[in-house]
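Here the structure comes first, spelled out in structure tokens, and everything after it is commentary.
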Amino acid sequence: MGERALQWRSPISLIVLALGLASCSQEIEYSEQQRVCIAQRYASYDARQLNQCVDVCKACMKGNIVTCNTSCKLRGAS
């Protein structure tokens, strides 16, 4: 019975692991409107640069300084 339990748990574990890793992705999906806004502000936008990330968040995502600063830092900007 131990082997059978392991057989059905393994695919479930892999699915849970994959979903967990996908949710931790630091890539952001931007809408077309947000992409246009970013392109108007920066010719080569670097989301890892805190000042650029916060600026884009405030201007293009309608965030505020506190939420944008926190969000950018959580995504690895410095």
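Quote the accessible area belonging to Ser44 in square angstrom, nearest 10, computed with a 1.4 Å probe and with ligands, DNA and RNA left uncounted.
90 Å²
Starting from the residue with the highest accessible area, list Val66, Val54 in decreasing order, probe 1.4 Å.
On the way: Val66 100, Val54 15 Å².
Output order, biggest surface exposure first: Val66, Val54.
Please go through the range 31-78 and write out the trypsin sites (Lys or Arg not before Pro) that DSSP classes as loop and that have at most 13 other C-beta atoms within 10 Å.
Working: sites: Arg35, Arg41, Arg48, Lys58, Lys62, Lys73, Arg75; in loops: Arg48, Lys62, Arg75.
Taking the range 31-78 and a limit of 13 other Cβ atoms within 10 Å, the loop trypsin sites (Lys or Arg not before Pro) found are Arg48, Lys62.
Ignoring ligands, DNA and RNA, how do Leu50, Leu74 rank by accessible area with a 1.4 Å probe, largest first? Working shown, then result.
Values: Leu50 40, Leu74 135 Å².
My answer, sorted largest first, is Leu74, Leu50.
State the extension gain, in nm to one decimal, for the chain segment bounded by Thr67 and Val36, taking 0.36 nm per residue of separation less the distance between their alpha-carbons. Please list the in-between numbers first.
Working: separation 31, 0.36 × 31 = 11.16 nm, distance 2.17 nm.
Length gained, Thr67 through Val36: 9.0 nm.
The values are calculated or read from the model by the stated rules, or taken from the named source; none is laboratory data. What you see is a predicted model, and the numbers here were worked out from it, not measured in a lab. Neighbour counts are summed over all protein chains in view; Cβ atoms, including those assigned to glycine, are modelled from backbone coordinates with ideal geometry. Ligands, DNA and RNA are excluded from the accessible area calculation, which covers all protein heavy atoms including side chains. Shrake-Rupley method; radii C 1.70, N 1.55, O 1.52, S 1.80 Å.
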